[in-house]
Amino acid sequence: MTEKRPTLTLKPKAGGRNGGKKAGPARPGGAPGKGQTAPRGPGGTPPRGTQPVEPAPRDAGYAPSRPKDEGARLRHSHEVKAHVQLDYSPDLRTDSLAFALLGAASSLARVRAGTALPQALAEVFQAYDAPPQARGAIQDIAYRAMRQLGRSGILLGMMTSKAPEPAMLAGLLECALALLDPPEGSEPPYEAFTVVDQAVFASSAHPDFAHARAMVNAVLRRFLREREQLVAAALRDQVAQWNYPQWWIDSVRTAYPADWQAILQAGNRQPPLTLRVNRRKTDVDTYLKTLAAAGMRAEQVGPSAVRLAQAVNVAQIPGFADGLVSVQDAGAQLAAPLLDLKDGMRVLDACAAPGGKSGHILETADVDLTALDADARRLMRVDQNLQRLGLSATVKAGAAEATDWWDGRQYDRILADVPCTASGIVRRHPDIRWLRRKSDTHQLATLSSKILDNLWQMLRPDGKLLFVTCSLWPQESEAQAAAFAARHGAVRLDAPGQLLPRSGAGQDHDGLFYALFQKAGA
Ligand SMILES: C[S@@+](CC[C@H](N)C(=O)[O-])C[C@H]1O[C@@H](n2cnc3c(N)ncnc32)[C@H](O)[C@@H]1O
């Protein structure tokens, strides 16, 4: 076995200047707790505030075909791009910041290739055989870097003559910059010299960019020397100022001329950990006392919603394993009450995985629930979640725009929590803004209109259909709802419409859209 390189180990600045030995998560709450993040991809939207973790395949595997007239030939050495070893396990102490920086850099490179951050992190944890504490540190750095990616990218462009390659080297610099240059008003998690030292060390430890360690050192030191001028110049660019792609900034400004800045800011804040109390097992007051007894501060932010003052790993949430609570954003908790459920009803949750809203429906009334989802792998999470809560439903794999899974009997209530761009939940999934393309909105809106049209025939006369998205784009939300109502002559009942993302005392929720329809009686 090779001997471990002597690496400086450390802990966050809060623990004292170089006084500790572990990298650890820089600050709690930098990223969602275990199992608390979500998925992506035009076919699957992250559950709003429930517990996701899944991939966001884009065109990572796309390879342009070779022109017909190009015969086989040997490539010159300058044409050959070495395969970057994203899985290379560094010869570093796993409790060092250098190890965490490399892991986070590998995650960023995977996101650049089209993988959703939760999936990218899961791949890195496995490839690096990272112990729990290192996972926390890698995750924290990767989430920070995602929230600062616009700014770091512009800064790097100002300090380098060409884009650093491979992508993992760019990722390493972006991760280091995110630690050196935290958002206004927040403390840097590590001492600056430690970050530079460990980033250089991390670079030396990777065979694909050990040669670039002098460059890493020079860029990061230059940033520290010229920080004020560099940041001032970078902030003239809106991408650096807001940390979103320009098309995203433009789309938010067009859709919400009065609120666009607040919306962009809300998407850059760290989300709270909000729980839904399972009223079949306990009540909010009793559960708040349970939290207080465990020394955890919390407040009620909805009829069944409790927000923890400090995010923790789900394993540390009292009663979580026993189904007393689920992790769910306060905005997502509006769905079940809006359905106006009564015991004995036949209910369809048409895009159910991982089952956040299915669980809430079954906690609310004794209904006969069918939980449908097109993704069989994600459906396993519905089973697991319902089992933890002590509830049961008929769980089916099938496409909501098809009928092959339907037994032909109409439902009293239908929840259509359709796949969408997830533009309303970017505070939980800061990678989404960088993974999405403007054209995704149109594709997803087309799919959700097919889903809505198909589900309408499955609703009984007088029945209600609740249409939900976690999108901010009107094309997926209000425009979709209005067009649907016009196509089917659906009666529109009271519902919140577009909820803009909010954080603060009392009101704290993701950006969601709700429209409620009733079918005219027979
Ligand atoms: C927003 S998520 C649902 C979150 C879920 N309702 C909850 O509260 O936990 C959208 C879901 O739609 C599913 N989906 C995507 N395309 C679908 C389709 N054509 N038919 C049914 N489900 C689909 C995805 O797999 C994903 O689980």
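Summary of computed values
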| read-out | value |
| --- | --- |
| Residues of region 191-222 classified as part of a helix (DSSP H, G or I), in contact with a helix residue (DSSP H, G or I) (Cβ under 6 Å, 6 or more places away or on another chain) and either among the β-branched types (V, I, T) or open to solvent by less than 30 Å² (accessible area, probe 1.4 Å) (or both), total | 12 |
| Any chance L230 is under 19 Å from A145 (Cβ atoms) and free of Cβ contacts under 8 Å to residues at least 60 places away in the same chain | no |
| Check on P337, within 16 Å of the ligand (Cβ to nearest atom) and surrounded by fewer than 18 Cβ atoms within 10 Å (Cβ to Cβ) | yes |
| Residue list for region 395-436, filter: more than 24 Å from the chain's Cα centre (by Cα) and either more than 15 Å from the ligand (Cβ to nearest atom) or open to solvent by less than 50 Å² (accessible area, probe 1.4 Å) (or both) | V395, G398, A402, W405, D407, G408, R409, Q410, Y411, D412, R413, I414 |
| Single residue of region 320-334 satisfying the filter (open to solvent by 20 Å² or more (accessible area, probe 1.4 Å) and within 25 Å of the chain's Cα centre (by Cα)) that is nearest to D508 (Cα to Cα) | L334 |
| Strands (runs of 3 or more DSSP E) wholly inside region 305-349 containing at least 3 residues that are closer than 18 Å to L389 by Cα | 325-327 |
| Condition met for R377 (surrounded by fewer than 20 Cβ atoms within 10 Å (Cβ to Cβ), within 12 Å of the ligand (Cβ to nearest atom) and not assigned by TED's automatic domain parsing to the domain that holds A145) | yes |
| Unmet criterion (only one of (1) without any contact (Cβ under 8 Å) to a residue 40 or more places away in the chain; (2) assigned to a helix (DSSP H, G or I); (3) open to solvent by 10 Å² or more (accessible area, probe 1.4 Å)) for A178 | (3) |
| Per-region count, region 453-477, residues within 13 Å of the ligand (Cβ to nearest atom), closer than 17 Å to L512 by Cα and of a type outside the set (S, T, Y) | 5 |
| Selection count, region 278-301, where residues are touching a residue at least 24 places away in the same chain (Cβ under 8 Å) and touching a Leu at 6+ places or on another chain (Cβ under 7 Å) | 4 |
| Any hit, region 347-368, residues being open to solvent by 10 Å² or more (accessible area, probe 1.4 Å), more than 13 Å from the ligand (Cβ to nearest atom) and in contact with a Pro (Cβ under 8 Å, 6 or more places away or on another chain) | yes |
| Lone qualifier among P183, P188 - being open to solvent by 50 Å² or more (accessible area, probe 1.4 Å) and either in contact with a helix residue (DSSP H, G or I) (Cβ under 8 Å, 6 or more places away or on another chain) or in contact (Cβ under 8 Å) with a residue 12 or more places away in the chain (or both) | P183 |
| Hey, Q475 more than 19 Å from L415 (Cα to Cα), at pLDDT 95 or above and open to solvent by 30 Å² or more (accessible area, probe 1.4 Å) or not | yes |
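The values are calculated or read from the model by the stated rules, or taken from the named source; none is laboratory data. It should be emphasised that the depicted structure is a prediction, and the values quoted were computed from it without experimental measurement. As a convention, Cβ positions derive from the backbone with ideal geometry for all residues, glycine included, and neighbour counts pool all protein chains shown. Accessible surface is based on the protein model in full, side chains and every heavy atom, while ligands, DNA and RNA are left aside. Shrake-Rupley method; radii C 1.70, N 1.55, O 1.52, S 1.80 Å.
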